[in-house]
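Asker: This is the structure, below, for whatever I ask next.
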């Protein structure tokens, strides 16, 4: 169905194009090829997906029909004015070309938040957390709720100790919720920070000191409605998390 939907998305009339697509897949002749072109579908694209189509005629027709309605539904979604800006980490990068750096972008997002922050990093370390701590302290003192999600066995360089004392000196600890994932059958490899459902950093950089400064990393600053999807994913991972008190080892924990 997905292959049919992707192809029919290009058609001017997906419903009528569905049968033409079926005809071309079943009988690759000149007339069906020309009909596809008239409807806005490139025949070579259909040939590229040919191995994915059902071999049974009834299944193929059902797949094309579902794909057509999927294409119509996709088109009916309102346009979202999302904006994307490249973000980089690394040494000796030209400032004019790479004007948004990872650490600065993360701190800037924390500083602009007005309601809620969600941070998720597969790896964290103490030095990296200390870089973010002043901004996080300021955010919690402004009344902003902060969810910080880490992977217990991937915490490095005294990260548990830093987590245990994070915001104790300057921030409002009651506004910080720590979620330390433990014993998953799946690997959460995402790295992101979202602010108020309106802006987010997504990219390759972990919230380690090197990841935010000297490692070569690529990411993006996203602004707009797309951010809600990232927040929903973080909330789902939080729901699955085994929340552990900071600095407390879980029985049978890894490293």
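Asker: If the Cβ limit is 9 Å and pairs must be 6+ apart or interchain, which residue in segment 163-177 that is surrounded by 19 or more Cβ atoms within 10 Å (Cβ to Cβ) pairs with which residue that is at pLDDT below 90 and in a loop (DSSP other than H, G, I, E, B)?
Answerer: Listed by first residue and then by second, the contacts come to 163/246; 163/247; 166/246; 175/167; 176/166; 176/167.
Asker: Would you please name the residue that is nearest to the chain's Cα centre (by Cα), looking only at residues in segment 1-14 that are surrounded by 14 or more Cβ atoms within 10 Å (Cβ to Cβ) and in a helix (DSSP H, G or I)?
Answerer: 6
Asker: Follow-up. So in segment 183-197, with the set limited to residues that are more than 19 Å from residue 126 (Cα to Cα) and crowded, with 19+ Cβ neighbours inside 10 Å, which one is modelled with the lowest pLDDT?
Answerer: Applying the filter and picking the extreme gives 188.
Asker: Okay, next question. Among the residues in segment 107-116, are any modelled with pLDDT under 90, in the same structural domain as residue 191 (by TED's automatic domain parsing), buried (at least 21 other Cβ atoms within 10 Å of the Cβ) and at negative phi?
Answerer: Scanning segment 107-116, I find no residue that is modelled with pLDDT under 90, in the same structural domain as residue 191 (by TED's automatic domain parsing), buried (at least 21 other Cβ atoms within 10 Å of the Cβ) and at negative phi, so the answer is no.
Asker: Checking residue 59 against (1) under 35 Å from the mean Cα position of the chain (by Cα); (2) touching a residue at least 12 places away in the same chain (Cβ under 8 Å): exactly one of these is not met. Which one?
Answerer: It fails just one condition, (2).
Asker: So, in segment 89-106, exactly how many residues are surrounded by fewer than 20 Cβ atoms within 10 Å (Cβ to Cβ) and either touching a helix residue (DSSP H, G or I) at 6+ places or on another chain (Cβ under 7 Å) or not assigned by TED's automatic domain parsing to the domain that holds residue 181 (or both)?
Answerer: 1
The values are calculated or read from the model by the stated rules, or taken from the named source; none is laboratory data. Keep in mind it's a predicted model, so treat the numbers as computed, not measured. Neighbour counts run over all protein chains shown; Cβ positions are idealised from the backbone, glycine included.
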